[in-house]
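Below is one structure, written out as structure tokens; comments come after it.
The values are calculated or read from the model by the stated rules, or taken from the named source; none is laboratory data. The shown structure was predicted, so the numbers you read here are calculated from the model rather than taken from an experiment. For neighbour counting, all protein chains shown are included, and Cβ atoms are generated from backbone atoms with ideal geometry for every residue, glycine included. In case anyone asks, the SASA skips ligands and DNA or RNA and just uses the protein heavy atoms, side chains included. Shrake-Rupley method; radii C 1.70, N 1.55, O 1.52, S 1.80 Å.
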Amino acid sequence: MLFSVAKGHKVVSTDTAEQVGKIKDVVVDPATHSVVALLLKKADNGSILKWSDLTGFGSDAATVTSAALVVEADDQVDALRGKDHEVLGKRVLDTRGDDLGTVKDLDIDPTTGAITSIVLERRSVPGPMLVGVGSYAVVVAHATTS
């Protein structure tokens, strides 16, 4: 599912059927090529929902068993979030230093959180090619042709 489809959607607790937040952004771990948490728009700044705590990530809402799972970021997630680690809108370079374009969207496996592709203006890059995310760019492996 494209992240742009889910951005702004409600996160609903299945035990109370109440909204516990809205999806604001994703926290990406380049080492695992996956989304590890969702950043939420909520009264408390810095509220996150770990991907592993989701019970569903659908086209209309994300679900979680309890509002108690919306927490402040731990050290691991905190190290991967913030402006320097945002992916959307960032320049994409390959490991040879070639500029491939700008990240327009992420295609995410709704079950696992794996990034299946990084969507650029004119093409997509397979998610497993993600190498790093920094303040200047997103870096992907150079595609070799044989």
Task: Selected residue (only one of GLY101, GLY89 is part of a loop (DSSP other than H, G, I, E, B) and without any contact (Cβ under 8 Å) to a residue 24 or more places away in the chain) - done: GLY89
Open item on the list: Any residue that is open to solvent by 80 Å² or more (accessible area, probe 1.4 Å) and at pLDDT below 85 - is there at least one of those in region 47-69?
Closed with: no
Open item on the list: Out of the residues in region 106-136 meeting the condition of being small (Gly, Ala, Ser) and open to solvent by 60 Å² or more (accessible area, probe 1.4 Å), tell me which one is farthest from GLU86 (Cα to Cα).
Closed with: SER124
Open item on the list: Take the conditions assigned to a strand (DSSP E or B), of a type outside the set (Ser, Thr, Tyr) and open to solvent by 80 Å² or more (accessible area, probe 1.4 Å) and apply them to GLN19. Does it pass?
Closed with: yes
Task: Residue count, region 87-100 (criterion: basic (Lys, Arg) and open to solvent by 50 Å² or more (accessible area, probe 1.4 Å)) - done: 2
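Of the residues VAL35, VAL5, which single one is aliphatic (A, V, I, L, M), outside any strand (DSSP E or B) and under 22 Å from SER124 (Cβ atoms)?
Answer to the selection: VAL5.
So if I check each of VAL103, VAL139, which one is farther than 17 Å from VAL26 by Cβ, touching a Leu at 6+ places or on another chain (Cβ under 7 Å), surrounded by 19 or more Cβ atoms within 10 Å (Cβ to Cβ) and modelled with pLDDT of 95 or more?
It is VAL139.
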